[in-house]
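J.: This structure is in structure tokens; I'll ask about it shortly.
The values are calculated or read from the model by the stated rules, or taken from the named source; none is laboratory data. Here the structure is a predicted model, which means the values were calculated and not measured. Because the Cβ atoms are built from the backbone with ideal geometry, glycine has one as well, and the counts that use them run over all protein chains shown. With ligands, DNA and RNA removed, areas are computed over all heavy atoms of the protein, side chains included. Shrake-Rupley method; radii C 1.70, N 1.55, O 1.52, S 1.80 Å.
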Amino acid sequence: MKFRSHIDRFFGMVITTSLATLGVVFFLPLFLDSETTLLDIIISIALFLACGGVIVWSSFFATYELHSDYLIVKGGVLKIRIPYEEIIKVAPTRNVFTGYKVLASKDAIEIFYTSSLLGSVKISPAKRDLFLSELKARCHSSSFKF
């Protein structure tokens, strides 16, 4: 079962601000330099599209897939496979600025699991209640807590 990330207005504004800042960084020097060449313009456009594309891809196209034995969290170039037996705890969180996160909303959940380098991953499924009920049905560990 596949769930998309919930996107709220705050993260939409953060991404828009990030893209605008990237635009200023890549294109303002072209207007300030009187000796700008076509190659400079092409390189600036390519870098802007590459950086902006990764930001948009990572933020707006994050997915969470529940398989029979594991959960896959995808966000841009990142992909995590979390076996259900390694999940220790799932808790709501509003602290989305620290830790490892694949989300686009302040209304998130944090999944703690044993093989994580940082201890947990923060996600924000669009259909949160359905996601949690499906995750709970698949996690058979007695130490699993909601």
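J.: Look at residue 62 and say whether it is surrounded by 17 or more Cβ atoms within 10 Å (Cβ to Cβ) and small (Gly, Ala, Ser).
T.: Values: surrounded by 17 or more Cβ atoms within 10 Å (Cβ to Cβ): yes; small (Gly, Ala, Ser): yes.
Yes, satisfied.
Residue by residue, here is whether (1) of a type outside the set (Gly, Ala, Ser); (2) in contact with a Lys or Arg (Cβ under 8 Å, 6 or more places away or on another chain); (3) modelled with pLDDT of 90 or more; (4) within 28 Å of residue 24 (Cα to Cα) holds:
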site	(1), (2), (3), (4)
57	yes, no, yes, yes
60	yes, no, no, yes
79	yes, no, yes, no
101	yes, yes, no, yes
138	yes, no, no, no
146	yes, yes, no, no
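J.: Looking at segment 1-28 only, could you name the residues that are assigned to a helix (DSSP H, G or I) and open to solvent by 70 Å² or more (accessible area, probe 1.4 Å)? I'd like the intermediate steps shown before the answer.
T.: Our first condition is that a residue be assigned to a helix (DSSP H, G or I); within segment 1-28, this holds for 9-28.
Of everything in segment 1-28, those that are assigned to a helix (DSSP H, G or I) and open to solvent by 70 Å² or more (accessible area, probe 1.4 Å) turn out to be 9, 13, 16, 17, 21, 24, 25, 28.
J.: Would you mind stating whether residue 42 is over 13 Å from the mean Cα position of the chain (by Cα), more than 22 Å from residue 2 (Cβ to Cβ) and assigned to a helix (DSSP H, G or I)? Walk me through it before giving the result.
T.: Working: over 13 Å from the mean Cα position of the chain (by Cα): yes; more than 22 Å from residue 2 (Cβ to Cβ): yes; assigned to a helix (DSSP H, G or I): yes.
Spelling it out, residue 42 is indeed over 13 Å from the mean Cα position of the chain (by Cα), more than 22 Å from residue 2 (Cβ to Cβ) and assigned to a helix (DSSP H, G or I).
J.: Regarding segment 75-86, can at least one residue be identified that is open to solvent by less than 70 Å² (accessible area, probe 1.4 Å) and under 21 Å from residue 129 (Cβ atoms)?
T.: At the first step, the residues of segment 75-86 found to be open to solvent by less than 70 Å² (accessible area, probe 1.4 Å) are 75-76, 80, 82-84, 86.
Checking which are under 21 Å from residue 129 (Cβ atoms) leaves us with 82, 84.
Within segment 75-86, one or more residues are open to solvent by less than 70 Å² (accessible area, probe 1.4 Å) and under 21 Å from residue 129 (Cβ atoms).
J.: Filter segment 29-39 for residues that are part of a helix (DSSP H, G or I) and open to solvent by less than 90 Å² (accessible area, probe 1.4 Å) and give the result. Full working, then the answer.
T.: To start, the set of residues in segment 29-39 that are part of a helix (DSSP H, G or I) comprises 29-32, 38-39.
Selection gives 29, 30.
J.: Based on this model, can you work out whether residue 103 counts as surrounded by 17 or more Cβ atoms within 10 Å (Cβ to Cβ), of a type in the set (A, V, I, L, M) and either touching a Gly at 6+ places or on another chain (Cβ under 8 Å) or under 22 Å from residue 17 (Cβ atoms) (or both)?
T.: Numbers: surrounded by 17 or more Cβ atoms within 10 Å (Cβ to Cβ): yes; of a type in the set (A, V, I, L, M): yes; either touching a Gly at 6+ places or on another chain (Cβ under 8 Å) or under 22 Å from residue 17 (Cβ atoms) (or both): yes.
Yes.
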